[in-house]
Every structure is written in C-alpha cells, then in structure tokens.
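Notes follow the structure.
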Amino acid sequence: MIGRGRVGVLLVLLGVLAALVAPAAFAHESTPTGVQRLELDLGARELALTITAPPEGGGRMPVVVLPRGDAPPGEVRVAAVRPGDVPTDPVAVPVAPVGQPHEVALTADGPGAWEVTVSDGATVARVPVTVAAPASTPGWVWAVRVGAVLGVIALVAALAPSVRQRPRLALGLGAVALVGLTIAGTAVATAPSSASTTPEAAPAPAPVSAPPAGAHAGHGEAAPSTPAAVPMTGGSVVVTASTPTPASAGAPVDLELDLSDSSTGAVVDDLAIHDDAPIHLAVIGPDQQLAHVHPVRTAPGHYVVRLTPGVAGRYGVFAEMERAGDGGHQVARTAFEVAGPATVAAAPAPGPGLREVAGMQVDVAVPEAVAGRPTSVTATFGQGGRQVTDLQGWLGMAGHLLVLGPGLGGTPDPMDPASAFGHVHDMGAPGPAGTYGPRISFEHTFPRAGRHQLWVQVQRDWQIVTVPVTVDVTQPPATAP
Ligand SMILES: [Cu+2]
C-alpha cells in the first residue's frame, strides 16, 4: 500500500519530470512551414493550386487542385518527386466542375528539395517545394532528460518502504537523486546561455526598392527618358520567348520562356511566388488584346504557357517576377511572331463610360488623367439594373489594372521600349460574403501624356473578366519658372 502522502510526493515528482522533459518534447514537435498558393495555366486549363508544406523532416503534403476558367473536363495527375524525377505513382485528380476543389495527400518523406508535379498528359508542371530539415536536439536538453529521469527514479526508489528500512541504500539513492536533479536543474538554468551559442540569425531586412515612376499601389516600369538607352529586359532576368512550332493566328501554341541572368548568363531558377505566381505574364497582341497568364515551370529556368493568338503580327510579352531573397520586383520584356493573313489595325477600345462585358454593364470612370498626378480609375459592375457584388478575389486581390503607355508613335505599342507597362491592384477589403463589388478602384500615376491602353481584370464565376479601356492622358499645365 502506498500512503496518501507518498502519492502526493510521487505526483509532485512526476510533475517536475514532465516540466523538465516538456521542452525537449516540444523541441521535436515540428510545425508546417507554410501554405503556398499559386496559379497554373497548364495546357488548356487554369488551375489554382494550394500546397501545404510537410512538417520538418518530411511527411504528409496535402495539395488542393481547383479548376478555374473554361477548364475542359478530365483529370490531371499530381505527384511529389525529387527534382527532375519522373513521377512513378501519380494521383489522378478530376478537374471538373469548375470551382470545385479536390484535395490529394502527397508525401514528401525527407528533407530537402522536392517538386509537386501536375501533368495533363502533355505538359508536366514542376512546382519547387523545400522541406525543412528537423532541428537537432541541443545537448542541454539531453542533460535535462537524463538528469531528471535518473533523479526521479532514484528518489522514488529511495522512498520505497523496503528501501527505507536499509538506511545506507536509501541514502545512496537519495544522493543519486540529488545529483540527477542538480544536473537537470543546472542544464535548465544555463540553457539560455548555451542556446545562445547558436543564435538564430536575424533575418536581414529585405532590400526595399523604390517603386518605379509610373507605378502607384502596384508594379510597373519607369517610362524611359531616352528610349534608345533602354534594353529589351527590365532587370537582371533575361526572358527569351520561343515557340516549338511556328505560331499562326487562331491556333493554340505553347509559348516557351527561358530565364537567364543578365550579368552571368546562368539559368535563373530562384523565382519567388509573388501574388500567387512565379511569373505574371502579360501578352499583348497587335489587336491590343491582353492575355494575363501564369506559365508553368517544366524544368529549371524553363516555363511554358499555351496561348491562342487571334491575329498575325508581333506580340509583346511582359514577364513580372521576383527573385527569392532579392525582394525586388522586375519586369522583363520580350516578343514573338505570329504568322497569318495581314490584319487591319484594330479600333481602340472604348474610353471611360458604360460598356457591356461578360453579360455585365461596366461603367468606367477616369476623371482627369494628367501625367505625373495620381489618377483614380474606377469600374462599377452591374447586371440587369442590379449591383454586382459577387466578384471573387483573384491572385489575392479584388481587381487588377494593367496599363500600357504610348510608344514613340503616340499609341500604346508593346513592341516599343518607350511604352511604359504598369500593373496596379485594388487592395480593398471584401464584403461580408468574402466577395467584391460593385465598385473596383485603382490609383495610378500615368508617367506621361498620350494614349494609354488599360485593362481592368476581375474574377466572377471562376472566370476572368477583362475590361479594356482607352485613356488619353493630358500634359500637366506648364508652370511658370
Ligand atoms: Cu498575374
């Protein structure tokens, strides 16, 4: 029989033991390092992917696939592999109906570099995922564990009735208990100083790059003052565009992008996900039609996106990227050629005012667009006399405004390096239902006067709605010297 007093002593000791060992136990508990959301334009499909990183050391990696846009029914195959490996046992995921998420549990069973592959049978998108290595258990934690366990066992044994009748043994065990608990206590007391021998490196502040002139609450390029001095790239990543087969008007074609460093020529494969994609690609044709797409990475520094150019001519390509650890946003320009019958110049999109787009009445207001001054661009969405309030967030934002400024010829020309490119966001909060509307608004400072091509983009019913607007920006009144 164990007396009530002894039970109390035992409980206190167990409590002490738990308290001492608990930090060690927590040291082994791993936490997910993050959830990654990104948009993939894979072949004919638009997919939103949500990847939950596995715990430190590897493990279960849930991936949610959500089809958007005009995704044709069918399935994609999803797997987790080491970089470059061929998926051996991919999981089939239905990509219908649009807007219906499907979760698959992948496994990345070890630390280091992994790829989540998404294949439609023709193209294999490879999304890099890094699994953190488990933190090693510090020496002081082991000292606490061993000391505490030894001490408590010895103490419990010393208090046992049979031992108490043998004073020398009890004394010996008591001494062992004292030594064990002293080791544990000392280890705990000195833990902060021993832990400080491996201080966690304070994260270096990300270099903050000043927003380029002409971009307000968004991204853009500065309007060059001397067009001749402007290279065809907007920063240190050079993007080269090509098509495996000659592109022709009206036919789908895979646009391939190869990324290299402008100073070293090395392949660039360190793009960070920003605004839900590694590359935001704006492709603007001679007919001023915009395709805002998100190419998939198929190999290091190699991205692919399927396009269906409507008309023949030269297409301007603007690739928005951020390199990991750099923090700087950059826009690289390139171009590709589409063959086909010559087309007459497209009429410019309507200016501000009411127009019908995707079954909605969209009223665009741009009061007083003056170069160098913040200008508000507001689009109000209605349908059948009612306000539209079910616009969905896209890429984490209520709305997007893409802007192409005038080239030397005075009209927006994606091929002219003098044309400024901008990408602005509506950062407004969603309504009670988590949706947006009827008003989407942007602030943008047009870098200079002239005709600008604008595209307002929102999402509704999982479809991207693009509203083209032509805006004539005036010169600010001359100021007296
Ligand atoms: Cu984008």
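The values are calculated or read from the model by the stated rules, or taken from the named source; none is laboratory data. Given the structure is predicted, the values throughout are model-derived calculations rather than measurements. Every residue, glycine among them, receives a Cβ derived from its backbone with ideal geometry; neighbour counts consider all protein chains shown. Accessible surface is based on the protein model in full, side chains and every heavy atom, while ligands, DNA and RNA are left aside. Shrake-Rupley method; radii C 1.70, N 1.55, O 1.52, S 1.80 Å.
Mind checking which residues of segment 431-461 are over 16 Å from PHE381 (Cα atoms) and either of a type in the set (A, V, I, L, M, F, W, C) or not assigned by TED's automatic domain parsing to the domain that holds VAL362 (or both)?
ALA433, PHE446, ALA449, LEU454
So, in segment 44-58, of the ones that are open to solvent by 20 Å² or more (accessible area, probe 1.4 Å) and assigned to a strand (DSSP E or B), which residue ends up farthest from TRP394 (Cα to Cα)?
Among those that are open to solvent by 20 Å² or more (accessible area, probe 1.4 Å) and assigned to a strand (DSSP E or B), it is THR52.
Is it the case that ASP270 is in contact (Cβ under 8 Å) with a residue 24 or more places away in the chain, farther than 29 Å from ALA349 by Cβ and surrounded by fewer than 19 Cβ atoms within 10 Å (Cβ to Cβ)?
Yes; evaluated as a whole, the condition is true for this residue.
Within segment 415-432, how many residues turn out to be farther than 17 Å from PHE446 by Cβ and not acidic (Asp, Glu)?
8
In this structure, is ALA113 at pLDDT below 95, of a type outside the set (Val, Ile, Thr) and open to solvent by 30 Å² or more (accessible area, probe 1.4 Å)?
For ALA113, the condition - at pLDDT below 95, of a type outside the set (Val, Ile, Thr) and open to solvent by 30 Å² or more (accessible area, probe 1.4 Å) - is not met.
Can you tell me which residues in segment 275-300 are under 19 Å from VAL403 (Cα atoms), within 13 Å of the ligand (Cβ to nearest atom) and out of contact with any Ser or Thr (no Cβ under 9 Å at 6 or more places or on another chain)?
Answer for segment 275-300, where residues must be under 19 Å from VAL403 (Cα atoms), within 13 Å of the ligand (Cβ to nearest atom) and out of contact with any Ser or Thr (no Cβ under 9 Å at 6 or more places or on another chain): ASP275, ILE279, HIS280, LEU281, ALA282, VAL283, VAL293, HIS294.
Looking at segment 32-56, which of its residues are among the hydroxyl-bearing types (Ser, Thr, Tyr) and within 13 Å of the chain's Cα centre (by Cα)?
Matches in segment 32-56: THR50, THR52.
As an exercise: evaluate VAL76 against (1) open to solvent by 60 Å² or more (accessible area, probe 1.4 Å); (2) outside the structural domain of ALA177 (by TED's automatic domain parsing) and give the number of the one condition it does not meet.
Among (1) open to solvent by 60 Å² or more (accessible area, probe 1.4 Å); (2) outside the structural domain of ALA177 (by TED's automatic domain parsing), VAL76 violates only (1).
Cβ-Cβ below 7 Å, separation at least six or inter-chain, first residue in segment 280-292 and closer than 15 Å to THR343 by Cβ, second among the aliphatic types (A, V, I, L, M) and away from the ligand (no atom under 16 Å from the Cβ): which pairs?
GLY285/VAL311; PRO286/VAL311; ASP287/VAL311; ASP287/ALA346; GLN288/ALA346; GLN288/ALA349
Based on this model, can you work out whether GLU337 counts as of a type in the set (Asp, Glu), open to solvent by less than 20 Å² (accessible area, probe 1.4 Å) and in contact (Cβ under 8 Å) with a residue 12 or more places away in the chain?
no
Could you say which residue among ASP70, ASP120, ASP41 is more than 21 Å from GLN392 (Cβ to Cβ) and of a type in the set (Asp, Glu)?
On inspection, the qualifying residue turns out to be ASP120.
Determine if segment 383-393 includes at least one residue that is within 16 Å of the ligand (Cβ to nearest atom) and more than 21 Å from PRO447 (Cβ to Cβ).
Yes: segment 383-393 contains one or more residues that are within 16 Å of the ligand (Cβ to nearest atom) and more than 21 Å from PRO447 (Cβ to Cβ).
Report yes if some residue within segment 246-267 is touching a residue at least 40 places away in the same chain (Cβ under 8 Å), within 16 Å of the ligand (Cβ to nearest atom), out of contact with any Asp or Glu (no Cβ under 8 Å at 6 or more places or on another chain) and under 21 Å from GLY405 (Cα atoms); otherwise report no.
no
Sort out which residues of segment 401-425 are over 16 Å from ILE284 (Cα atoms) and either crowded, with 24+ Cβ neighbours inside 10 Å or within 13 Å of the ligand (Cβ to nearest atom) (or both), and write them in order of number.
Hits for segment 401-425 are VAL424, HIS425.
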